[in-house]
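For reference, the structure is listed below as structure tokens.
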Amino acid sequence: MIIMVQYKWIALSNTTISILMAFINQTILIISLPAIFRGA
């Protein structure tokens, strides 16, 4: 039973980190789009 709880926390941690990284990536893309379209 303890092993299953540990896997649940690992899965939750991986999901949370993945969502956070996707959010950061999206923010960087939105901020840099005007510079990309200007050709800078």
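Here are the numbers for the structure shown:
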item	result
Inter-site label distance for Q6 and I19 at 7 Å from Cα along Cβ, in nm	2.5 nm
Degrees separating the helix 2-38 axis from the principal Cα axis of the chain, which is the longest one	0 degrees
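Every read-out reported here was derived from the displayed coordinates using simple, explicitly stated rules and does not represent laboratory data. Quantities reported herein were computed from a predicted structural model and do not represent experimental measurements. Note: ideal-geometry Cβ built from the backbone for every residue, glycine included; neighbour counts use all protein chains shown.
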